[in-house]
Structures are given as C-alpha cells and as structure tokens.
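Novice: What follows is a structure written as structure tokens; I'll ask about it next.
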Amino acid sequence: MFKDRFFFCRLGLIVCLFFYIECVTSPIKNTTLKEENHILSWDKREAETIKILTDLIRIKSVRGNEKQVAEYIRSIFEKEGIKTKLISEPGFPDRVNLIAELEPNVPSSENGLILGNHLDVVEADPKEWAEDPFAGTIKDGRIHGRGALDCKGLIAMQIISFLELKRSAVPLKRKIMFLSMADEESGSERGARFLLKAHPELFKGYGYMLNEGSFGTKDVAIPGSIIFNIQYAEKGNLWLNVRAKGDQGHGSTPSQNYPSLRLLKFLTEVLEYDTDIRISEETQGFFYQLGTISRFPNSFILKNSNIPILRRLLYGPIRTSRQLSAITRNTKSVSGLKTEEGKGHNVLSSLAEAKLDVRLLPGFDPLEYLKEIQKIAEKYEVEVEPASTVNSDKSKLDSILFQTIASVATRKIPGSVAAPFISPGKTDNAYFRQIGMECYGLIPVLLNEKELTMLHAKNESISVENLKLGTQIIFEILHQMN
C-alpha cells in the first residue's frame, strides 16, 4: 500500500513538472519579415562611415562639450537637406541635444521610431592607452578611441542608416527621429531628463526607441554561441553619499571609533548584505534563449529556470560570471573613497567619505532599500544620503520593434539567437519608458570577452567589420518597421 502511494506521488510530481514545463515558451516569436532590402551598399558607404566615426572620436566630449559634436552632426544632415534642432537647457549652452526628423510619405497613425544615442563619453588617460584615445587611429582593421563602442560607433551607424532612408526614398509609414542627447554618462540631467520635462511636445506621436543598452556577443556566455542581447529592462539605481565624522587623532594612539574605521566597517557589512541570487521573471527569457543553443541537460535546466529545484543548479555558474551575477543580484560597489588626513601617515582624519553605487533588480524600491542601508549605518554612526534614485523599468517583449530587432539580427547572422536582456546599468531608455514609450537597447555588433572589457576602460576600439554589421542591421530594422 505504501509503495503504491509512493509511486502515485512520484507520478503526480512528474505530471505537475511536465505541465509546468509546457507552460514555458520562448519570448522570441516567428516574425514575418519583408525580403531583405539591399539598398544600403557597404562598398559605397564604408569610407563615409569610418570618417564620421573617426571625426566624432577626435571631438573630446568627456562629460561635456556636446555642442561641438552636435554641430558636426548637423553639418552632415544639412548637406543632405535634413533640418535639425539644437536644444540646450538655459545656462548650459555647451550641453546640447540634437534632433532631426524624417516624415512619412502620407499622414499616418503609426507610432514613430526614435534612433537614440548620446554625445558624451567618459574619461580616458592617454598614458594608459596603446593608441591616443582622442585620435581616432585606424589600425589592424579597427578604429581606436574613446567612444568607439560607447557610443560614437552607434552614432555613426545611425547617421548612415538615417541618411540612406532619405537618399533611397524608402517609403515611410511612420516618422523617424534621430536623437542625440547630452549628459548620459553623468545622469542625463541636461539631456533626456531635461528634454522630457521641458519639451515633451517633441515626442508626440512617437512610440518606439532603438538606443544603446547592450551588445551582441560571440563565444561569451556559451562556447561557440552568437547572441544578440536586446535590452528591454534595466535595474534600478541607488547612488549614495556616505560620511563618517569625528575628532582628528594621532595614528599611533587610535581609538576604537575613528571615522575611517567606522566607514570601513560599514562598507564591509553593506557589501555582505543581500547577496542572494534571484532569477526573476525579467531574466527567465534570457536563460531560456541560452537553453536553445545548449546541449541536454543544460538546455533543459536553462529553459526551466522558473522551477526552483532546477534554478538552484544555475547558481554555481552564475557566481563565477561577473555578467550573470550583475543581472541576478542586487549589487553594491564602492565607487569612491576620500579622507582629509593630509600627506602624512600619522593623522587620523576627522572626515571619511565614500560613494556607493547600488543597482537593484525589479521588485525592489530604491527608497525602501535605502532605509535598510541606513539601519546598518546607524550602528557605525555613519551618515547616508541619496545622490540619485531611479526605479527599475522594462518594455514589452511582444512589441513589434522588439520582435523585429530579434528577427532582423538573427537573419543577418545564421545560427545566432536573440535574447531579452536586463541591463545592470542605466541608459536614457529608462526615462523614455516613464512616458510609455517602448524602448530597446542594442548596439548590433558581435563582441568577444576581451572587447566587452573595453567599455569605460582603456584601449576601447571597434572593428570595421562590426561597424559594417551594425550599420546594416540598423538600416534593415528601419526598413522592416516601415
């Protein structure tokens, strides 16, 4: 009798598991595409695209000076008869945003599409680079310089795609905007946030945005794989300023409570707080797509990461991967440390400060998470104040733009797959999602592990082959969307 019960219990579990598995499907649908448009001839446009990118890199727009980049882009468009607008926040004349538009051939109710990008780049120390980061050097089939990947390379791809729409007179059923924004690398105050607050009328009739946010990868997540990671969601931001105050002291007779020590203990506990792995609804689609290019039993496990007993089998690989950890955990990074002890070693500073960069998965409220961190801070008499808070956000996976991006990219590279991706970092997509726009991030190039480490780091570069691939995919997306 007991054996019969045990048998039926096991049978019931298997049936339930099978039913559960059957409910899991790929987020990528079979989208019918028009025949590929071959209007864009790379042989004719290669030199033009490379020149645009090298010129852009040579304009040093490190967290500023976007005006000079915008004026360069405007000169290109005006030669082609495309009118542009340069818009800046009053009091910040060099933090310029650029807008250019192509109108549909006949009045249309279809939502418009925005090609989004940003004009600023992060710092680069020439002493650490093999090539001058602001020279736009072309060497060994690669274009070197700050912004080659993030994101002046994308700007060059979008410029050529935008121009080709006009040059070739492709019939448009929806309006297309080219939008270059300022200040993305420092929080978007003078760019996306300003435009949406002060000039919301500019975006009337637009429903979609294709921007930065992720890349295609080659031989990264799975050996031999080619994956187009399409950003459709972003983690939340919680940037914190931390201070510990006290009396200045002598290094030879330390107390148990001096500011630097309290700050160090606080940071240690915060970094060890909430380190759980979470495979949420937003990441299940990503793991499912990895399963489509994996062998059994990995394929079975990846496709069913929503099942708790299988999910735990992924924890080991996730812990060994910086990228996978970032999309499945609430991460905390110490992005700055500062004291005022002077040049000597024998003074205990009266003030110790730090910056924390906290990135939160969907479902976590930044302000509620801040309260938890402040509870830890109370134990060490440390002050914690928010510098910036932005909630997590996401767009639909069944939208026409997401599915078109996935289908165009994978048709271009046979054997590749597209995967929905939650970005650990913030982009301007986050602010446009707040007004109901469906936003997706993909710079459609294929990067290996080494190339991925170039982002915000030394020796950033892009291959000419990737510049070609990205331009062709972006143009084809525009063609399919019209």
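Novice: Identify, from the list 307, 293, the residue that is touching a Ser or Thr at 6+ places or on another chain (Cβ under 9 Å), β-branched (Val, Ile, Thr) and in contact (Cβ under 8 Å) with a residue 12 or more places away in the chain.
Specialist: 293
Novice: Here is a follow-up. Does region 367-388 hold any residues that are open to solvent by 70 Å² or more (accessible area, probe 1.4 Å) and over 30 Å from the mean Cα position of the chain (by Cα), and which are they?
Specialist: 375, 378, 379, 381, 383
Novice: On to the next question. Sort out which residues of region 183-204 are aliphatic (A, V, I, L, M) and either under 13 Å from residue 96 (Cα atoms) or outside any helix (DSSP H, G or I) (or both), and write them in order of number.
Specialist: 192, 195
Novice: Just a yes or no: is a residue in region 93-113 touching a Ser or Thr at 6+ places or on another chain (Cβ under 6 Å), farther than 26 Å from residue 165 by Cβ and open to solvent by less than 60 Å² (accessible area, probe 1.4 Å)?
Specialist: Checked against the condition, which is being touching a Ser or Thr at 6+ places or on another chain (Cβ under 6 Å), farther than 26 Å from residue 165 by Cβ and open to solvent by less than 60 Å² (accessible area, probe 1.4 Å), region 93-113 yields at least one hit.
Novice: Let me ask something additional. Tell me, yes or no, whether region 224-242 has at least one residue that is farther than 26 Å from residue 453 by Cα, open to solvent by 40 Å² or more (accessible area, probe 1.4 Å) and at pLDDT 90 or above.
Specialist: yes
Novice: How about region 186-214: which of its residues are open to solvent by 30 Å² or more (accessible area, probe 1.4 Å), within 22 Å of residue 147 (Cα to Cα) and touching a strand residue (DSSP E or B) at 6+ places or on another chain (Cβ under 9 Å)?
Specialist: If the condition is that a residue be open to solvent by 30 Å² or more (accessible area, probe 1.4 Å), within 22 Å of residue 147 (Cα to Cα) and touching a strand residue (DSSP E or B) at 6+ places or on another chain (Cβ under 9 Å), then 190 is the only one that fits.
Novice: Just to verify a result, which residue in region 252-289, among those that are assigned to a loop (DSSP other than H, G, I, E, B) and touching a Gly at 6+ places or on another chain (Cβ under 8 Å), is surrounded by the fewest Cβ atoms within 10 Å (Cβ to Cβ)?
Specialist: The residue in question is 255.
Novice: Does region 64-85 contain at least one residue that is farther than 16 Å from residue 158 by Cα, part of a loop (DSSP other than H, G, I, E, B), touching a residue at least 60 places away in the same chain (Cβ under 8 Å) and polar (S, T, N, Q)?
Specialist: no
Novice: Then there is this: Just name the residue that is most open to solvent (accessible area, probe 1.4 Å) out of those in region 338-356 that are out of contact with any Leu (no Cβ under 8 Å at 6 or more places or on another chain) and modelled with pLDDT of 90 or more.
Specialist: Ranking the candidates gives 338 first.
Novice: Of the conditions (1) under 16 Å from residue 214 (Cα atoms); (2) open to solvent by 10 Å² or more (accessible area, probe 1.4 Å); (3) touching a helix residue (DSSP H, G or I) at 6+ places or on another chain (Cβ under 8 Å), residue 455 fails just one. Which one is it?
Specialist: (3)
Novice: Regarding residue 468, is this residue touching a residue at least 60 places away in the same chain (Cβ under 8 Å), crowded, with 17+ Cβ neighbours inside 10 Å and either within 26 Å of residue 161 (Cα to Cα) or under 17 Å from the mean Cα position of the chain (by Cα) (or both)?
Specialist: Yes; evaluated as a whole, the condition is true for this residue.
Novice: Also, quick follow-up: So is residue 146 closer than 24 Å to residue 65 by Cβ, basic (Lys, Arg) and in contact (Cβ under 8 Å) with a residue 40 or more places away in the chain or not?
Specialist: In short, yes.
Novice: Okay, moving on. Do you know which residues across region 308-328 are open to solvent by 50 Å² or more (accessible area, probe 1.4 Å), under 24 Å from residue 223 (Cβ atoms) and of a type outside the set (A, V, I, L, M, F, W, C)?
Specialist: Passing the criteria: 311, 312, 317, 319, 320, 322, 323.
Novice: Here's something else I'd like to know. Identify all residues within region 164-182 that are small (Gly, Ala, Ser) and assigned to a loop (DSSP other than H, G, I, E, B); write none if there are none. Before the answer, list the steps.
Specialist: Of region 164-182, the ones small (Gly, Ala, Ser) are 168-169, 180, 182.
The answer is 168, 169, 182.
Novice: Would a scan of region 130-151 turn up a residue that is surrounded by fewer than 21 Cβ atoms within 10 Å (Cβ to Cβ), among the hydroxyl-bearing types (Ser, Thr, Tyr) and over 19 Å from the mean Cα position of the chain (by Cα)?
Specialist: yes
The values are calculated or read from the model by the stated rules, or taken from the named source; none is laboratory data. These numbers come from a predicted model, not from an experiment. Because the Cβ atoms are built from the backbone with ideal geometry, glycine has one as well, and the counts that use them run over all protein chains shown. Calculation scope for accessible area: heavy atoms of the full protein, side chains included, ligands and nucleic acids excluded. Shrake-Rupley method; radii C 1.70, N 1.55, O 1.52, S 1.80 Å.
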